[in-house]
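The values are calculated or read from the model by the stated rules, or taken from the named source; none is laboratory data. The structure displayed is predicted, hence computed values, not measured ones. When we count neighbours, we look across all protein chains shown, and the Cβ atoms used for this are built from the backbone with ideal geometry, even at glycine. With ligands, DNA and RNA removed, areas are computed over all heavy atoms of the protein, side chains included. Shrake-Rupley method; radii C 1.70, N 1.55, O 1.52, S 1.80 Å.
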Amino acid sequence: MTPEELFTAALGLGRQWRVAQCRFEGEPKRLELRLEHVPGEHFECPQCKALCGVHDTIERRWRHLNFFQYRCELVAKVPRTWCRRDGVHQVQVPWAREGSGFTLLMEALVMLLSAEMPVDGMADLLQETDTRLWRVLIHYVEQAQARRDWSTVRRIAVDETSARRGHRYVTNVLDCDGTGLLLMVEGRSSEALGCFAQALREHGGDPAQIQAIAMDMSPAYLKGAAEHFPQAQIIFDKFHVMLLAGQALESVRRQLQHDGAELKGSLWSLRGNVWNLSAERQKQRRALCLQYTKLGRAMTLRETLQAIYASPDQVTAESQLNWWCGWALRSRLEPFRALAKTVRQHWEGILAYFNTGLTSAAIEAVNGIIQLAKRMARGFKNFIYFRTAAYLRAARLKFELPVIN
Ligand SMILES: [Zn+2]
């Protein structure tokens, strides 16, 4: 067997193509495989599939999987068919997707690696530009996203994420019951929900099937829900209420610091739930709360609200929440007074959380993954990159790729 025959067999080129020449080229050395089609063959017209004669050929080049440590490229003069009906078209080659500069197996490798590393890491490893890698990711992610069936989605959550601190927001729509991120759209206006209603129809669903929407208390989302999902129950979920409580606590801390309290470096020991903190930070939290009584009061208010979310039923939750609002209003802590007012204004939606069996777990999980996706897309130069990274990580897509084995 000659090396050419060996590579022809290894590449699985089908009967129309063979490796005519293999050689090491350039510095650093790369393996170049020149392919040629069997002379006299007819090719399918890409439009109507009729067998047609060859009009002319165009030389093209594809990056393939490395050959040991060497970069490997396929080069071929690709025929263009002349079809009576459709005119001149370049034929489909069996090893690559139309318009791609990578072979299918190389693309499969890119997709495989993308599950493990950020795009700039892949670019280093593969010695490729990130633009070329993004093009592959975008193609497969959009293809898999387009094929998703949303006909069984019943309960969704709407959530905003800042793309970068302070500016440019995106809206995420997710399935509360398991399929992760459904849609990411730019902006956080009421139209974000209009976009989802439209996308739902395109994915085999109907806006009328949505029974509940979990969201934060932004008027824009409320308006969007009323317009596009009038039958859905609005739920202000635990995740978003606790986010507000965390922000109220942070306002109290900042005010104290502004008034001269020694709170430098306290941010992380005061944030989040005590059981997630190291022993050192738990100790620091206790000490600060004892030293600054306002901070102690704010912390107790936040933790009590958290505990109320463990209520066994809606009736219990309602009476406890009512009591909590009274306490917060008398607390002489302005941020918590404001929060109590907000809670009272959104009473029905907040209580709805307790009898729907909805949990915030899906929202928190997807939110965490999207933060990671932000890192994968490094700095969010481009909305499409960010959305692609988010779908890749959080949308449970099924890709149609050749198998590397
Ligand atoms: Zn044709």
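Each row is one residue, and each column tells you yes or no for (1) surrounded by 15 or more Cβ atoms within 10 Å (Cβ to Cβ); (2) assigned to a loop (DSSP other than H, G, I, E, B).
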residue: Phe354; (1), (2): yes, no
residue: Leu358; (1), (2): yes, yes
residue: Asn367; (1), (2): yes, no
residue: Gln371; (1), (2): no, no
residue: Lys374; (1), (2): yes, no
residue: Phe386; (1), (2): yes, no
residue: Tyr391; (1), (2): yes, no
residue: Leu397; (1), (2): yes, yes
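Mind listing whichever residues of the range 8-64 are under 39 Å from the mean Cα position of the chain (by Cα), farther than 18 Å from Glu98 by Cβ and of a type in the set (Asp, Glu)?
Glu32
Step by step: first the residues of the range 55-79, then only those that are of a type in the set (Asp, Glu) and closer than 23 Å to Thr8 by Cβ, then the one that is nearest to the ligand (Cβ to nearest atom). Which residue is that? Working first, answer last.
Taking the range 55-79 as the starting set, the residues that turn out to be of a type in the set (Asp, Glu) are 56, 59, 73.
Going one step further and asking which of them are closer than 23 Å to Thr8 by Cβ, we end up with 59, 73.
Details: Glu59: 23, Glu73: 30 Å.
So the residue we want is Glu59.
Which of the following residues is open to solvent by 10 Å² or more (accessible area, probe 1.4 Å) and either of a type in the set (Gly, Ala, Ser) or out of contact with any helix residue (DSSP H, G or I) (no Cβ under 9 Å at 6 or more places or on another chain) (or both): Ser269, Ser319?
Numbers: Ser269 fails: open to solvent by 10 Å² or more (accessible area, probe 1.4 Å).
On inspection, the qualifying residue turns out to be Ser319.
Condition first: within 16 Å of the ligand (Cβ to nearest atom) and either modelled with pLDDT of 95 or more or not in a loop (DSSP other than H, G, I, E, B) (or both). Can you find one or more residues in the range 90-112 that meet it?
First, the residues of the range 90-112 that are within 16 Å of the ligand (Cβ to nearest atom): 90-92, 98.
Still in the list and also either modelled with pLDDT of 95 or more or not in a loop (DSSP other than H, G, I, E, B) (or both): 90.
Looking for residues that are within 16 Å of the ligand (Cβ to nearest atom) and either modelled with pLDDT of 95 or more or not in a loop (DSSP other than H, G, I, E, B) (or both), one finds at least one in the range 90-112, hence yes.
Failed condition for Gln345, given (1) within 29 Å of Thr293 (Cα to Cα); (2) in contact with a Lys or Arg (Cβ under 8 Å, 6 or more places away or on another chain), with all others met?
Only one criterion is unmet by Gln345, namely (2).
Please tell me if Trp82 is more than 14 Å from the ligand (Cβ to nearest atom), touching a residue at least 24 places away in the same chain (Cβ under 8 Å) and of a type outside the set (D, E, K, R).
No, not satisfied.
Give me a count of the residues in the range 272-306 that are under 22 Å from Asp237 (Cα atoms) and open to solvent by less than 60 Å² (accessible area, probe 1.4 Å). Can you show your working first?
So the first thing to find is which residues in the range 272-306 are under 22 Å from Asp237 (Cα atoms), and the list is 272-276, 298-306.
Now narrow it down to the ones that are open to solvent by less than 60 Å² (accessible area, probe 1.4 Å): 272-274, 298-299, 301-302, 304-306.
Matching residues across the range 272-306 total 10.
Being more than 10 Å from the ligand (Cβ to nearest atom), part of a strand (DSSP E or B) and in contact with a Leu (Cβ under 8 Å, 6 or more places away or on another chain) is the filter here, so list the residues in the range 37-54 that pass it.
Listed by number, the list holds a single entry, Phe43.
Give the number of residues within the range 70-90 that are among the β-branched types (Val, Ile, Thr) and open to solvent by 50 Å² or more (accessible area, probe 1.4 Å).
Within the range 70-90, the first condition is being among the β-branched types (Val, Ile, Thr), and the residues that meet it are 75, 78, 81, 88.
Among the residues that remain, those that are also open to solvent by 50 Å² or more (accessible area, probe 1.4 Å) are: 88.
Final tally of qualifying residues: 1.
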